[in-house]
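Participant: Sharing a structure below in structure tokens format, with a few things to ask.
The values are calculated or read from the model by the stated rules, or taken from the named source; none is laboratory data. What you see is a predicted model, and the numbers here were worked out from it, not measured in a lab. For neighbour counting, all protein chains shown are included, and Cβ atoms are generated from backbone atoms with ideal geometry for every residue, glycine included. Keep in mind that these areas ignore ligands, DNA and RNA; they rest on the heavy atoms of the full protein, side chains included. Shrake-Rupley method; radii C 1.70, N 1.55, O 1.52, S 1.80 Å.
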Amino acid sequence: MWKTILRRILIMIPELIILSILVFLLAKAMPGDPFTGSINPRASQAQIHHLMQIHGLYDPWYQQYWNWVVHLFHGDLGMSYEYQEPVVDLIKQRGANTLWLALFTMVLTYLIGLPLGIYAGRHEGKFQDTLVRVYTYVTMSIPFFVVLVIGIWIFGYALNWFPTSGSISAQASGLGETLISRLGHIILPGLLGALFGTVNIVQYLRSEVIDAKHSDYVRTARSKGVPMKDIYRHHIFRNSLLPIAAFAGYSITGLLGGSIFTEMVFSYPGMGLLFLNAINYRDYTVITALVLLYGFLNLMGTLLSDIALSIVDPRVRVE
Amino acid sequence: MKRDIEDATSISEADLEKLTKEANQEATPSAAKIMWREFVADKPALISLFILIVFILFVIIASMFIDVPKMMETNIMGYYAKPFTPEYWLGADAGGRSIAKELVVGSRNSICIAIGLTIISSTFGICWGLVSGYFGGMVDLAMQRVYDFMMIIPMLMTIIVIVTIIPHYNAITLTLILSIFYWMGTSRLIRSRTLSESQKDYVAASKTSGTGNLKIIFREIMPNISSLIIVDTTLSFAENIGVETGLSFLGFGLPMGTPSLGTLIANANDPENITGYWWTWLPAAVEIIILCLSISYIGQVMRRTTNAAQRRGQDKK
């Protein structure tokens with residue numbers, strides 16, 4: 001198993017290097033120069049040239065890339081031109097918001113998806129199974145941003161049950177009130193994300209349970225006289241739940257991608273909204289940092305899932 | 001001796017016809033035939049297929065009669081005109097533009113991009129999966145690394161960055177950019193199917209008799225997994241409708257002045273619009289939901305045909 005993990009990590013390194021080069025080149029190709037907004041607009045062309053020379057912007061790209069990577073390893077992602085703040089600090093503030101929302105959505109997704117998947121598998125081919133199948137078909141087909149817009153329209157504006165923007169209300173004071181206000185702001189986006197994000201879990205779990213139901217060990221247990229309820233609890237669930245738990249890492253990709261839509265619709269000040277603003281203001285240190293961070297998180301998510309799966313399921317190990 | 005063989009091989013016309021007929025009845029019907037039977041057996045699927053085709057044709061033909069630049073002109077008189085009036089069937093937006101017309105042209109644009117994206121990305125994904133699965137070994141390993149890398153790229157962000165870098169782009173360039181990022185799902189599916197398919201005897205037999213690799217891949221393996229390809233293409237078409245509209249919704253899809261279902265829904269980003277002027281965005285949202293549901297329903301029915309046990313259309317024997 002250590003071989004699998006080592007191999008996965010070794011594969012990860014070149015991926016990370018290529019990703020960083022790609023991100024760097026994309027950032028270089030963006031219009032504007034890094035001094036936009038931070039210098040006196042009356043600065044002469046010669047002064048700008050001088051500044052660019054000092055900051056090494058006339059060096060060949062690989063030289064610049066190397067400098068950038070060295071800074072990266074020192075935790076220096078540069079300054080945001082729009083906010084005039086170090087990018088690291090900016091991401092720390094916004095990242096916490098996104099993390100809260102993502103964690104909340106993930107927990108809800110599992111809370112909804114696990115029982116549904118098991119329920120459908122248990123009642124395979126019956127009426128209940130069809131109901132769950134209709135649910136997964138509907139949630140899988142509709143594009144998520146349409147769901148968000150309609151959700152905020154009905155529950156946010158028309159019924160006025162949930163706040164429609166921000167991550168915390170300005171009036172909230174004290175620990176308890178802040179926490180409740182924070183929770184109130186993520187319930188609707190979290191719930192929508194969870195309700196429409198269970199497809200993979202439900203489908204996978206359903207087929208796992210059906211497979212397990214027809215396997216030999218279940219037949220043995222039944223012929224020994226173990227009640228069906230106990231078979232489900234002690235045998236089938238255990239076998240089917242482990243791979244599902246390992247899937248958590250993969251779902252990070254989906255959650256992060258969806259965060260851009262969610263945060264835009266709900267004006268939720270997380271990393272997705274930060275990214276959209278940065279694009280509009282051509283704030284390219286922020287853009288580079290965020291694309292790289294999202295790529296890195298995707299990579300870590302897949303890595304964790306792969307390792308977890310290889311622990312749970314010996315068949316996927318590499319010898 | 002020679003005469004014996006001639007005697008044995010000479011069959012009368014009538015017998016030959018009868019034998020061919022029998023052989024045809026015995027043989028497994030083609031994938032297209034099975035699918036058609038399934039649709040005839042499942043009336044809702046047939047109806048949604050019919051509605052979908054009529055709708056796409058309507059949108060394409062109707063938008064030919066709409067003068068787009070004139071439609072996009074601002075008309076003060078129609079400022080947020082209410083819907084269900086003879087002049088504005090579905091009302092008008094802040095610029096007094098008719099929502100009904102924008103909806104038709106926007107649907108045409110969005111559907112055409114989704115079709116283009118599906119054709120390009122599926123073709124690429126299918127070829128990638130076939131080659132990777134057929135050759136296996138080092139080729140497969142190298143191609144899988146590229147696949148892995150594509151999977152970790154933050155897709156949406158990268159697309160937005162590329163769109164902002166490119167100064168002038170239109171629907172075609174946008175489709176090409178999107179195609180770079182949406183072939184992985186198909187390729188993975190096709191690869192795993194090709195892996196198991198190329199272990200089969202007919203491939204080995206074909207190899208032994210000296211058939212070229214390309215011919216085996218595209219003339220022998222591909223037809224055998226054609227039903228899978230059709231199902232996957234249909235399902236990714238439903239998904240791809242969400243891709244361009246989602247991007248346009250964020251403001252990074254089709255350029256300004258080109259209506260799309262996404263830009264119409266983006267009207268809902270204004271808190272005043274979303275409640276006060278619901279007709280500016282709700283029709284587009286409802287249309288996307290219906291479109292995606294019906295396409296994906298058709299895909300589900302097609303998927304059922306790939307599994308003989310689940311078919312509803314009976315084989316006529």
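Participant: Looking at region B:243-255, is at least one residue open to solvent by 40 Å² or more (accessible area, probe 1.4 Å), within 14 Å of chain A (Cβ to nearest Cβ) and without any contact (Cβ under 8 Å) to a residue 24 or more places away in the chain?
Facilitator: Within region B:243-255, one or more residues are open to solvent by 40 Å² or more (accessible area, probe 1.4 Å), within 14 Å of chain A (Cβ to nearest Cβ) and without any contact (Cβ under 8 Å) to a residue 24 or more places away in the chain.
Participant: A further question follows. For region B:202-221, which positions are open to solvent by less than 60 Å² (accessible area, probe 1.4 Å) and in contact (Cβ under 8 Å) with a residue 12 or more places away in the chain?
Facilitator: If the condition is that a residue be open to solvent by less than 60 Å² (accessible area, probe 1.4 Å) and in contact (Cβ under 8 Å) with a residue 12 or more places away in the chain, then B:203, B:206, B:216, B:217, B:220, B:221 are the ones that fit.
Participant: Given the conditions (1) farther than 30 Å from residue B:295 by Cα; (2) assigned to a helix (DSSP H, G or I); (3) at pLDDT 80 or above; (4) more than 11 Å from every other protein chain (Cβ to nearest Cβ), and given that residue A:163 satisfies all but one, which numbered condition is not satisfied?
Facilitator: So residue A:163 meets the others, but not (2).
Participant: Count, please, the residues in region B:221-269 that happen to be within 29 Å of residue B:126 (Cα to Cα) and not in a loop (DSSP other than H, G, I, E, B).
Facilitator: Final tally of qualifying residues: 29.
Participant: Turning to a different aspect of this structure: Do the conditions hold for residue B:287, that is, is it surrounded by fewer than 23 Cβ atoms within 10 Å (Cβ to Cβ) and assigned to a helix (DSSP H, G or I)?
Facilitator: Against the criterion (surrounded by fewer than 23 Cβ atoms within 10 Å (Cβ to Cβ) and assigned to a helix (DSSP H, G or I)), residue B:287 qualifies.
Participant: Picking from A:297, A:292, A:256, which residue would you name as being part of a helix (DSSP H, G or I) and more than 12 Å from the chain's Cα centre (by Cα)?
Facilitator: Selected residue: A:292, the only one of A:297, A:292, A:256 that is part of a helix (DSSP H, G or I) and more than 12 Å from the chain's Cα centre (by Cα).
Participant: Quick test for you: out of B:218, B:237, pick the one residue that is within 24 Å of residue A:142 (Cα to Cα) and among the aromatic types (Phe, Trp, Tyr).
Facilitator: One residue alone meets the criteria, B:237.
Participant: I'd like the full set of residues that are of a type in the set (S, T, N, Q) and under 17 Å from residue B:100 (Cβ atoms), limited to region B:40-73.
Facilitator: Across region B:40-73, the qualifying residue is only B:63.
Participant: Pull up region A:299-309, narrow it to residues that are within 10 Å of chain B (Cβ to nearest Cβ) and open to solvent by less than 10 Å² (accessible area, probe 1.4 Å), then point me to the one that is nearest to residue A:26 (Cα to Cα).
Facilitator: Result: A:299.
Participant: To continue, here is another question. Of these, B:152, B:99, B:113, which one is under 19 Å from residue B:285 (Cα atoms), within 14 Å of chain A (Cβ to nearest Cβ), in contact with a Ser or Thr (Cβ under 7 Å, 6 or more places away or on another chain) and hydrophobic (A, V, I, L, M, F, W, C)?
Facilitator: Working: B:152 fails: under 19 Å from residue B:285 (Cα atoms); B:99 fails: within 14 Å of chain A (Cβ to nearest Cβ).
Just one listed residue meets the conditions, B:113.
Participant: Could you please give the count of residues in region A:253-275 that are aliphatic (A, V, I, L, M), closer than 19 Å to residue A:191 by Cβ and within 11 Å of chain B (Cβ to nearest Cβ)?
Facilitator: Within region A:253-275, residues that are aliphatic (A, V, I, L, M), closer than 19 Å to residue A:191 by Cβ and within 11 Å of chain B (Cβ to nearest Cβ) number 4.
Participant: Specify which of the listed residues (A:278, A:245, A:194) is surrounded by 17 or more Cβ atoms within 10 Å (Cβ to Cβ), touching a residue at least 24 places away in the same chain (Cβ under 8 Å) and more than 12 Å from chain B (Cβ to nearest Cβ).
Facilitator: A:194
Participant: Looking at (1) within 11 Å of another protein chain (Cβ to nearest Cβ); (2) hydroxyl-bearing (Ser, Thr, Tyr); (3) in contact (Cβ under 8 Å) with a residue 24 or more places away in the chain; (4) open to solvent by 50 Å² or more (accessible area, probe 1.4 Å), which one does residue A:157 not meet, given that it meets all the others?
Facilitator: Going through (1) within 11 Å of another protein chain (Cβ to nearest Cβ); (2) hydroxyl-bearing (Ser, Thr, Tyr); (3) in contact (Cβ under 8 Å) with a residue 24 or more places away in the chain; (4) open to solvent by 50 Å² or more (accessible area, probe 1.4 Å) one by one, residue A:157 breaks only (3).
Participant: Identify, by number, the condition in (1) crowded, with 16+ Cβ neighbours inside 10 Å; (2) assigned to a helix (DSSP H, G or I); (3) in contact with a Lys or Arg (Cβ under 9 Å, 6 or more places away or on another chain); (4) away from every other protein chain (no Cβ under 14 Å) that residue A:168 doesn't meet.
Facilitator: Among (1) crowded, with 16+ Cβ neighbours inside 10 Å; (2) assigned to a helix (DSSP H, G or I); (3) in contact with a Lys or Arg (Cβ under 9 Å, 6 or more places away or on another chain); (4) away from every other protein chain (no Cβ under 14 Å), residue A:168 violates only (2).
Participant: Can you tell me how many residues in region A:283-298 are closer than 18 Å to residue B:250 by Cα and at the interface with chain B (Cβ under 8 Å from one of its Cβ atoms)?
Facilitator: Going through region A:283-298 one residue at a time, the tally reaches 3.
Participant: Restricting to region B:167-190, name every residue that is touching a residue at least 12 places away in the same chain (Cβ under 8 Å), open to solvent by 50 Å² or more (accessible area, probe 1.4 Å) and assigned to a helix (DSSP H, G or I).
Facilitator: B:172, B:176, B:185, B:188, B:189
Participant: On to the next question. Name the single residue, out of those in region A:120-142 being within 14 Å of another protein chain (Cβ to nearest Cβ) and not in a helix (DSSP H, G or I), that is farthest from residue A:214 (Cα to Cα).
Facilitator: Ranking the qualifying residues of region A:120-142, first place goes to A:142.
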